[in-house]
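The values are calculated or read from the model by the stated rules, or taken from the named source; none is laboratory data. No experiment lies behind these values; they were computed from the predicted model shown. Neighbour counts are summed over all protein chains in view; Cβ atoms, including those assigned to glycine, are modelled from backbone coordinates with ideal geometry.
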Amino acid sequence: MKKHFISLKDYSPQEIRALCELTSQIKKAPQKYKGALSGKCVGLLFQEPSLRTKTAFYVGVVQLGGEAVYYNPQEIKLGEREKISDVAKTISLYLDAVVLRTFSHKTVLEFAKFSSIPVVNGLTELFHPSQVLADVVTIIESKKDPKKIKVVFIGDGNNVCNSLIYAISLLGGNLVVATPKKYAPQASIVSQAHSFRRKSGASIELTTDACAAAQEADVLYTDVWTSMGREKEESLRKKVFKNYQINDKILELAKKNCIVMHCLPAHRGQEITDSVIDGKNSVVFEQAENRLHAAKAILVKLLKK
Ligand code: CP
Ligand code: NVA
């Protein structure tokens, strides 16, 4: 296992599959892992709001027999109150691992450079690997083989989408990403995914046509049009993204047993309608539950002696 969990691209397909397997094992038999983090203390340093990620890691640590300490966005002010490197070096003296949520991905990389303890990415503007690990487990649980399915992401080619691109390109499978032209995933991420794809046999396609993308999908995935830190762009984004909503019409185009995924929080009525998110194809709360088991798996692997 690598020292940190910052991006799925740092992991081999075998390592990702092993993490998925451990997530499922922990979910099935949580009592077996009760003491896995005994005597350990994990810091949760969040510069943005969070419900799922904070709770999944906090409760996960407690259930594994460890202790968690949470720092809210006002407390540490990474890089403002003191240098990122000073925080990383100091926190490493007290804690056994740290989960970071920062807007800038560079902050997490800088922190990790100076941290002597494992760093977990709890969301940056570029990636959300702990979310997508739980999502892959959710896909597998729905009896779909990631290698054989068509996964369609409709919306903003942002953090969640980027991690999904890495997951599918590493594991195999067919991914279609439908975004407005200016909101496509970064070229460097797509090109890295293409290098993984050549080994795994995955296919990655980018389009601006959400309806064409949704045809025969096994998985329809979306995320908010306006991510945290981009609130000032909300009115513009509402216009640009209006044809990138998962609604009944889009769902009709997918396979009958297609699952609908969303990392949450959802902006209902924007990227997804109530009828779809509350409908029978939706697995959003299965995903939310799996965040807990995945968080535990990540920490167990990173802190294993
Ligand atoms: N999906 C997710 O990361 O949710 P939070 O922002 O509530 O942590
Ligand atoms: N793209 C969203 C994900 C939230 C979990 C955001 O960055 O706000």
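For segment 189-231, a residue qualifies if it is free of Cβ contacts under 8 Å to residues at least 40 places away in the same chain, within 16 Å of ligand 1 (Cβ to nearest atom) and in contact with a Lys or Arg (Cβ under 6 Å, 6 or more places away or on another chain), but none of them does.
If you check GLU216 against the conditions, is it away from ligand 2 (no atom under 16 Å from the Cβ) and among the acidic types (Asp, Glu)? For GLU216, the condition - away from ligand 2 (no atom under 16 Å from the Cβ) and among the acidic types (Asp, Glu) - is met. Filtering segment 136-152 to residues that are more than 21 Å from GLN215 (Cα to Cα) and without any contact (Cβ under 8 Å) to a residue 24 or more places away in the chain leaves nothing. Of all the numbered requirements in (1) more than 12 Å from ligand 2 (Cβ to nearest atom); (2) modelled with pLDDT of 95 or more; (3) assigned to a helix (DSSP H, G or I), ASN162 misses one, and that requirement is (1). Counting only residues that are in contact with an Asp or Glu (Cβ under 7 Å, 6 or more places away or on another chain), within 16 Å of ligand 1 (Cβ to nearest atom) and not in a helix (DSSP H, G or I), segment 130-159 holds 3 of them.
Quick one: in segment 31-46, of everything that is in contact (Cβ under 8 Å) with a residue 60 or more places away in the chain and not aliphatic (A, V, I, L, M), which residue is surrounded by the fewest Cβ atoms within 10 Å (Cβ to Cβ)? Working first, answer last.
Here is the first cut: in segment 31-46, the ones in contact (Cβ under 8 Å) with a residue 60 or more places away in the chain are 33, 36-37, 40, 42, 44, 46.
Next, from what is left, pick out any that are not aliphatic (A, V, I, L, M): 33, 40, 46.
On the way: TYR33: 20, LYS40: 18, PHE46: 22.
If we take residues in segment 31-46 being in contact (Cβ under 8 Å) with a residue 60 or more places away in the chain and not aliphatic (A, V, I, L, M), then LYS40 is surrounded by the fewest Cβ atoms within 10 Å (Cβ to Cβ).
Criterion first (more than 28 Å from LEU22 (Cα to Cα) and in contact with a Cys (Cβ under 7 Å, 6 or more places away or on another chain)) does LEU253 satisfy it? Spelling it out, LEU253 is indeed more than 28 Å from LEU22 (Cα to Cα) and in contact with a Cys (Cβ under 7 Å, 6 or more places away or on another chain).
Looking only at segment 106-129, decide whether some residue is surrounded by fewer than 23 Cβ atoms within 10 Å (Cβ to Cβ), part of a loop (DSSP other than H, G, I, E, B), at pLDDT 95 or above and among the β-branched types (Val, Ile, Thr). The answer is yes; a qualifying residue exists. If I filter segment 266-289 for residues that are within 16 Å of ligand 2 (Cβ to nearest atom), of a type in the set (Lys, Arg) and either in contact with a strand residue (DSSP E or B) (Cβ under 8 Å, 6 or more places away or on another chain) or outside any helix (DSSP H, G or I) (or both), do I get at least one hit? The answer is yes; a qualifying residue exists.
Within segment 203-224, work out how many residues are crowded, with 20+ Cβ neighbours inside 10 Å and under 16 Å from ALA254 (Cβ atoms). Result for segment 203-224: 9. What residue, of PHE111, PHE127, PHE103, PHE46, is farther than 20 Å from GLU289 by Cβ, aromatic (Phe, Trp, Tyr) and out of contact with any helix residue (DSSP H, G or I) (no Cβ under 9 Å at 6 or more places or on another chain)? On inspection, the qualifying residue turns out to be PHE103.
When SER227, SER200, SER169 are screened for being farther than 19 Å from LEU8 by Cα, surrounded by 16 or more Cβ atoms within 10 Å (Cβ to Cβ) and not hydrophobic (A, V, I, L, M, F, W, C), only SER227 passes. Scanning segment 252-280 for residues that are in contact with a helix residue (DSSP H, G or I) (Cβ under 8 Å, 6 or more places away or on another chain) and either among the basic types (Lys, Arg) or in contact (Cβ under 8 Å) with a residue 40 or more places away in the chain (or both) yields LEU253, ALA254, CYS258, ILE259, VAL260, MET261, HIS262, CYS263, LEU264, ALA266, ARG268, GLN270. Being within 16 Å of ligand 1 (Cβ to nearest atom) and without any contact (Cβ under 8 Å) to a residue 40 or more places away in the chain: is that true of ARG291 here? Against the criterion (within 16 Å of ligand 1 (Cβ to nearest atom) and without any contact (Cβ under 8 Å) to a residue 40 or more places away in the chain), ARG291 does not qualify.
If I filter segment 42-72 down to residues being among the aromatic types (Phe, Trp, Tyr) and more than 13 Å from ligand 2 (Cβ to nearest atom), which single residue comes out as nearest to GLN287 (Cα to Cα)? Before the answer, list the steps.
Within segment 42-72, the subset among the aromatic types (Phe, Trp, Tyr) is 46, 57-58, 70-71.
Still in the list and also more than 13 Å from ligand 2 (Cβ to nearest atom): 57-58, 70-71.
Working: PHE57: 15, TYR58: 17, TYR70: 23, TYR71: 25 Å.
Among those residues, the one meeting the criterion is PHE57.
I'd like to check something: does segment 255-272 contain any residue that is more than 19 Å from GLN215 (Cα to Cα) and surrounded by fewer than 13 Cβ atoms within 10 Å (Cβ to Cβ)? Among the residues of segment 255-272, at least one is more than 19 Å from GLN215 (Cα to Cα) and surrounded by fewer than 13 Cβ atoms within 10 Å (Cβ to Cβ), which makes the answer yes.
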